[in-house]
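The values are calculated or read from the model by the stated rules, or taken from the named source; none is laboratory data. Given the structure is predicted, the values throughout are model-derived calculations rather than measurements. Backbone-built Cβ (ideal geometry, glycine too); neighbour counts: all protein chains shown. What goes into the accessible areas is simple: the full protein's heavy atoms, side chains included, and nothing from ligands, DNA or RNA. Shrake-Rupley method; radii C 1.70, N 1.55, O 1.52, S 1.80 Å.
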Amino acid sequence: MAKELLKGNVAIAEAAIRAGMNAYFGYPITPQTELLEWLAKRMPELGRAFVQAESELGAVNMVYGAACTGARVLSSSSSPGVSLMLEGLSYIAGTEVPAVLVDIMRGGPGLGNIAPAQADYNQIVHGGGHGDYHPIVLAPANIQEAIDLTYGAFDLAEKYRSLVIILADGSLGQLMEPAVLPEMLPVIMRQPEWATYGAAGREKRILSSINLEPREQEAFNLHLEKRWQEIKKAEVRYMEYYLEDARYAVVSFGTSGRISLSAIRAARAKGIPVGLFRPITLAPFPEQELYELSQRMDGLLVVEMNSGQMLEDVIKITRNSIPVEFYGRMGGMVPMPEEIEAEIDRLVNQPHSPNGHPRDRWLDRFSLDN
Amino acid sequence: MQTEIIIAGFGGQGVLFAGQVLAYAAMDQGMHVTWIPSYGPEMRGGTANCTVVISDLEIGSPLISHPTAVIAMNKPSFDKYEKMVKAGGLLVVNQSMVDREVERNDIRSIMVPANDIAEKIGDKRMTNMVLLGALLGNLNFLPLKAVEKSLREHLPVKHHELLPANREALERGSAFLAVTVAPVIE
C-alpha cells in the first residue's frame, strides 16, 4: 500500500473507521477537533452512527450504552473534556464493556491552553475514575504507530472486555507524516454472549455496574484484578533505540520520547553511550523490561511533558538501584532536543547526588529561560 | 542526513501549504518527513509557521530550534528567524515585505522580491512558490522537478489550472543565488 501524508487526528479517525467501528460519540475540543470533524463527514457516508453529543458527559454515556449492545464504539477528547468523562469511564469499567477513547492531551490544569502536554498520565494510567479498575493505555509517538494502535485497540478492548485509551498529545494530533492506512474491515454488529441487543427468543441479560452486596462486588473486583494480571503478561509493548551498547538510557513516551531520540543521536555523535527506552503501553507498563534494563545501566534520565508523573513509576520499578534524573516541561511547553542533550551531559558528566528526589533536583535547576 | 526547514509569515500567505508541498515531495522521494504547524491563538491574524524535517532516518523531534533553512515571508518572521538559522544555513527572505538587509554573515541568504514576481506571473498567491523555488535552488536536497511532480500528483484536480503558474513561480525563484553577507570591517 502506498504511503499517504496524514495528520495525526485524521489518521486515528480513519484507522478507527477501517477497524470496523460502528459508532462514534464525541464533543469538539482543540487540539483533537479534526478527529471528530473527519468522522462527522465519513461515518454518515458509510451509513454508520456519528453523534455530536450535547457535552462530554452525554458522549461518554452514549458510548456506555452503545458498548452494552456489542458495538465497536469510540469517543475522543482532550484533557478537560476527558476529566468530564471520568464518571462514565468508571461505569464502563464497572460494567465490563469494551470501549476505546482517545485523549489528545493539552496544557493544564484547568482550562489551561491548547498546546501539547502529557500531564494526564496520572489521571489516565492510574485511574481517574473511582473504584478499582485498570484501563489499557497506549501511547503512540508517530503517525504510523497511532494508526496501528488505534486499529488494534478494538480487538484488545473486546478480548479483555476492557477500556482502551489512546493517550497522545496535541502535537501528535497536528503532526503530518507519511503512513500506510490498514485494510478496511467490514463493519458488522457483533453479538457477544454478554451483550444486550434485544432478548427475543432467549433469556434476558442485565448489564450494570451496581452491586449492593459487598461480597459479590469483591468477587467481581477479584475477577478484574485476575484479568489485569493476564493483560500484564500478554500485552506489554515498548521500543528500544541504541540500547545494545548503551550505559545510560532515557525513558520517555510519546512526543517527548521521539524528541529525546534527537537528543540521543546528538549525544552519541559526541561519544556518549546513551539509548532510548520508550514505553508504548503505559498500562500495562513494561516493568520487568525496564527493571532488567536498569540493572545494566549507569543511570537513567526520565523526560516528560509534565512534572514527573511517569517518573514515580520509574523510581518504583528501578527500586533506587541506580541513579535516576528527571527533566520535564509543563503547561503546554515542549522540551527541545538541545535541552534534553544538556540533561544527558549532566547525567553522564556530573557526580550524582544521592540526596533528595529527582524532581527536587530538577526544580532546583529548572529555568523558565529555556 | 537531515534537513530542517521553517516557513513563516502571515496567515493567508500560503505558509502551511508551501510546507506541505515540500513534505509531499520528500515522501514521494522515499524519505522520512514530518510537517508540523504552529497552532493556537497566534494563528488568528498573527504569524503562522510550519516546520518540515526531512531525513533518511526515522525522525526524532519534529520541532527544531536551529533549522538548516528558513523562508521568512514577512518582516516579523524575518526578525524572529534570522537569529535562529543554523550557522552555515540558508535564509530566504521575501524582499517585498521587509525594509532591511540580512545582518548575519555566517549564513547564506537570498533576498527575493517574491510578491513582485508573483504579480508578474499573474497570480499573487504564487509568492510562497517563488520563495520555495529559491530554497530548493540553493539547498540541493530535493530536485525542483520532484516538487513539480508532487504538486501535479497531490494538488486536487480542480486546482490543476494553477499548475503552470506554480511551475513558473518555482523556476523563477530557483534562479536566485544565495550569497554570504560580507563581514563589516571596522
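Listing for the model above:
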read-out: Exposure of A:I188 as accessible area (Å², to 10), given a probe of 1.4 Å and all protein chains; value: 90
read-out: Accessible area (Å², per residue) of chain B, counting only protein heavy atoms and a probe of 1.4 Å; value: 44
read-out: Complex-versus-alone comparison for the stretch A:169-185, residues with a loss of 40 Å² or more in accessible area, probe 1.4 Å; value: A:Q174, A:L175, A:M176, A:P178
read-out: The protein assembly as shown: antiparallel DSSP beta bridges as a percent of all, rounded to 5; value: 40
read-out: Minimum 50 Å² accessible area buried by the other protein chains, the stretch A:249-264 residues, probe 1.4 Å, relative to alone; value: A:R258
read-out: Relative contact order for the stretch B:2-180, counting Cα pairs under 8 Å that sit 6 or more residues apart, in percent; value: 22
read-out: Chain pair A, B: total accessible area buried, heavy atoms, 1.4 Å probe, Å²; value: 1900
read-out: Tilt relative to chain A, helix A:254-269 - C-alpha long axis, 0 to 90 degrees, to 10; value: 30
read-out: Net charge of neighbours whose Cβ lies under 14 Å from the Cβ of B:E82, counting Lys and Arg as +1 and Asp and Glu as -1; value: +2
read-out: Hydrodynamic radius (Kirkwood) for the stretch A:77-138, which is based on Cα pairs only, to one decimal in Å; value: 12.0
read-out: Pairs of alpha carbons in the stretch B:97-186 whose separation is greater than 22 Å (percent); value: 34
read-out: Other-chain or far-sequence residues with amide H under 5 Å of A:M239's (modelled H); value: A:R278, A:I280
read-out: Label-point separation in nm, A:A199 to B:E58, each point 7 Å along Cα→Cβ; value: 5.1
read-out: Links that overshoot a 25 Å alpha carbon limit, given the list A:K159/A:K232; B:K120/B:K158; A:K159/A:K226; A:K270/B:K86; A:K3/A:K232; B:K80/B:K158; value: A:K3/A:K232; B:K80/B:K158
read-out: Cleavage-rule hits, trypsin sites (Lys or Arg not before Pro), the stretch A:145-229, DSSP coil, Cβ neighbours within 10 Å at most 15; value: A:R190, A:R202, A:K204, A:R205
read-out: Separation between Cα centres of the stretch A:79-137 and the stretch A:210-288, rounded to whole Å; value: 18
read-out: Equivalent ellipsoid semi-axes, the protein assembly as shown, via Cα gyration tensor eigenvalues times 5, rooted, Å; value: 44, 31, 18
read-out: Gaussian network model of chain A, springs between alpha carbon atoms under 10 Å - residue of A:A342, A:A200, A:A263 with greatest fluctuation; value: A:A200
read-out: Restricting the stretch A:52-160 to GluC sites (Glu not before Pro) in coil, as DSSP defines it, with at most 11 other Cβ within 10 Å; value: A:E54
read-out: Cα long-axis angle, helix A:8-18 against chain A (0 to 90 degrees, to the nearest 10); value: 40
read-out: For the stretch A:4-234, alpha-carbon Rg relative to the globular expectation (2.2 N^0.38 Å, N residues); value: 0.98
read-out: Contact order normalised by residue count of the stretch A:228-320, Cα under 8 Å, 6+ apart, percent; value: 36
read-out: Value of D in µm² per second that Stokes-Einstein yields for the stretch A:203-328, Kirkwood Rh from Cα pairs, at 4 °C (1.567 mPa s); value: 79
read-out: Residue-averaged [θ]222 nm for chain A, counting only DSSP H segments that reach four residues, each worth -39500 (n - 2.57); value: -13500 deg cm²/dmol
read-out: Percentage, to the nearest whole number, of Cα pairs in chain B over 20 Å apart; value: 50
read-out: 0 to 90° range, to nearest 10: angle between helix A:56-68 axis and chain A longest Cα axis; value: 60
read-out: Globularity index of the stretch A:1-75, i.e. its alpha-carbon radius of gyration over 2.2 N^0.38 Å; value: 1.09
